[in-house]
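**Q** Below is one structure. I have some questions about it.
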Amino acid sequence: MTRVDFYQLSRDPVDITVAKLARKVIQAGERLLVVSGDPSQREALSRVLWAQDGAAFLAHGMAGSPDDARQPILLSDSAVATNDAGMAIIADGQWRDEALAFSRVLLLFDAAARDGAAQLWRRFAADEAIDNRIFKQDETGGWREGA
């Protein structure tokens, strides 16, 4: 069964949200694939993962290098985990069915993508092989399930 978590962005931008979620994934001892079809977004995500406002940086790499398999976090334009990740974050809000190969997928979307996310939610709700959940950000920056 694949778990798909829908994260509706409201307070923090996508790069900050990816960094927060990536830190939790790494702290749990997991590997992560971050997917975006936009090369400039992948570059921006990379800068934020390295910076981390004084916190320990999040080691990562861009897909397509000989070191992909060694990366705890891999940034890619496709949902194929050449770093053997079990979890994926879809940062650009564009669902890819290949992501269903992961044990858990976090789909980030903003208000502009809400209708598409709602359609995808209904599709997954009808599929017994998918456990879908919704998370919304509160005013303090935390995430609440089912809000």
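The values are calculated or read from the model by the stated rules, or taken from the named source; none is laboratory data. Not measured: the values here are computed from a predicted model. With ideal geometry, Cβ positions are generated from the backbone for all residues, glycine too; neighbour counts draw on all protein chains shown.
**Q** Report, by residue number, each residue of the range 27-81 that is among the basic types (K, R) and under 11 Å from A91 (Cβ atoms).
**A** R42
**Q** Just to confirm my filter: which strands (runs of 3 or more DSSP E) fall fully inside the range 39-147 and include at least 2 residues that are free of Cβ contacts under 8 Å to residues at least 24 places away in the same chain?
**A** Where strands (runs of 3 or more DSSP E) fall fully within the range 39-147 and carry at least 2 residues being free of Cβ contacts under 8 Å to residues at least 24 places away in the same chain, they are 143-145.
**Q** Related question: Quick one: which residue in S76, S103 is of a type in the set (G, A, S), at pLDDT 95 or above, crowded, with 18+ Cβ neighbours inside 10 Å and touching a strand residue (DSSP E or B) at 6+ places or on another chain (Cβ under 9 Å)?
**A** So the residue among S76, S103 that is of a type in the set (G, A, S), at pLDDT 95 or above, crowded, with 18+ Cβ neighbours inside 10 Å and touching a strand residue (DSSP E or B) at 6+ places or on another chain (Cβ under 9 Å) is S76.
**Q** Check the range 120-128 and report whether any residue there is at pLDDT below 95 and surrounded by 13 or more Cβ atoms within 10 Å (Cβ to Cβ).
**A** No, every residue in the range 120-128 fails to be at pLDDT below 95 and surrounded by 13 or more Cβ atoms within 10 Å (Cβ to Cβ).
**Q** For the range 25-35, state whether one or more residues are in contact with a Phe, Trp or Tyr (Cβ under 6 Å, 6 or more places away or on another chain), in a helix (DSSP H, G or I) and either farther than 21 Å from F109 by Cβ or of a type in the set (D, E, K, R) (or both).
**A** Looking for residues that are in contact with a Phe, Trp or Tyr (Cβ under 6 Å, 6 or more places away or on another chain), in a helix (DSSP H, G or I) and either farther than 21 Å from F109 by Cβ or of a type in the set (D, E, K, R) (or both), one finds none in the range 25-35, hence no.
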